[in-house]
Amino acid sequence: MANTKSAEKAARQALQHRERNVALRSRMRTAIRKVIDTTAAGKKAEAQASYKAAVPLIDTLVNKKIIHRNQADRHKSRLAARVKALG
């Protein structure tokens, strides 16, 4: 348990930040899953559209320091390869 007022506030803020980070990470995973599902179904136009929607979302998480730059690059690269394989 926090011993000082500042530590109590920091604990409250950490909970708020964690909730926000979990929600953002979940949105990213959903976007990635959407690209994977559309490529698996062979829907090229939908896959390209969902990829274009997923990339800025992934980059946003990097800018907020929720995921590492290399992890984002890996996700984007693998998704792009899946979309490109449809063509």
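Only the coordinates and a few stated rules stand behind these numbers; no lab work does. Every value quoted in this text rests on a predicted model; they were computed, and no experiment measured them. Because the Cβ atoms are built from the backbone with ideal geometry, glycine has one as well, and the counts that use them run over all protein chains shown.
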Legend entry - Helix axis angle, 5-41 relative to the chain longest principal axis, alpha carbon, degrees: 10 degrees
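At a Förster radius of 25 Å, what calculated FRET efficiency corresponds to the Cβ-Cβ distance of E19 and A53, to the nearest 0.05?
The calculated FRET efficiency here is 0.60.
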Legend entry - Structure-based [θ]222 nm, the chain - -39500 (n - 2.57) summed over DSSP H runs of at least 4, per residue, nearest 500: -30500 deg cm²/dmol
Legend entry - Cβ-based charge dipole, segment 5-86, positive-most Cα from H75, L86, A31: H75
Inset, instruction - Could you give me the percent of Cα pairs per 10 Å distance bin for the chain, shortest bin first, beginning at zero and ending with the bin that holds the maximum distance? - result: 18, 37, 23, 12, 7, 3
Inset, instruction - With a 10 Å radius around each residue's Cβ, average the other Cβ atoms per peptide and rank 33-41, 16-24, highest first. - result: 33-41, 16-24
Inset, instruction - State, as an integer percentage, the relative contact order of segment 5-86 based on alpha-carbon contacts under 8 Å between residues 6 or more apart. - result: 31 percent
Legend entry - Size of charge dipole - segment 12-75 - debye, nearest 20, with Cβ of Lys, Arg +1 and Asp, Glu -1, no other charges: 200 debye
Inset, instruction - For segment 43-80, run through the trypsin sites (Lys or Arg not before Pro) and keep only the ones in DSSP coil with at most 12 other Cβ atoms within 10 Å of their Cβ. - result: K64, K65
